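Step one of this worksheet: look at the structure below.
We did not get these values from a lab; they are worked out from the coordinates using the rules stated. Keep in mind that this is a model prediction, so the values were computed, not measured. Neighbour counts are summed over all protein chains in view; Cβ atoms, including those assigned to glycine, are modelled from backbone coordinates with ideal geometry.
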């Protein structure tokens, strides 16, 4: 399998009652290391260029959906329902509502993420012809498909993806 997807766009949960939509009995989250995620307010940049903001948010909205969770995530600012899916571009993995933070709350992702998005923006457009044979050859030649069937499913019946949670825990707006 190739490089792990780098997790971005997840935020440290505020104490119950500090934000709309946070309740005492709300589950702690799926990942034990959620407490190490960045604080969303550290990423607010009201001076960020509006054209670039729209461009980056649009890219985030176009990511592929590898899976959907069973519950809706609330926005850490306004409590609005912020989706239940995750999106990816093959390099990063982010929550469906990440673009909401950019558009509605002035959140700016780390510089390295913005550079990646701008350089890859055109690649998110659907290809007119799909060459599935190329993909199968790449899987075989590079060993990316080791342990996977032809569609990327592992022996245990789950879609195989490795996710790097560590980078996001140390990310800063200038990363």
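Placing pseudo-labels 7 Å out from each Cα toward the beta carbon at residue 47 and residue 35 gives an inter-label distance of 3.5 nm.
Here the residues 175, 73, ranked from fewest to most Cβ neighbours within 10 Å of their Cβ, fall in the order 175, 73. Packing-based ranking of 40-49, 83-92 yields 83-92, 40-49, ordered from highest to lowest mean Cβ neighbour count within 10 Å. When 114, 8, 72 are sorted by how many other C-beta atoms sit within 10 angstrom of their C-beta, beginning with the fewest, the order is 72, 114, 8.
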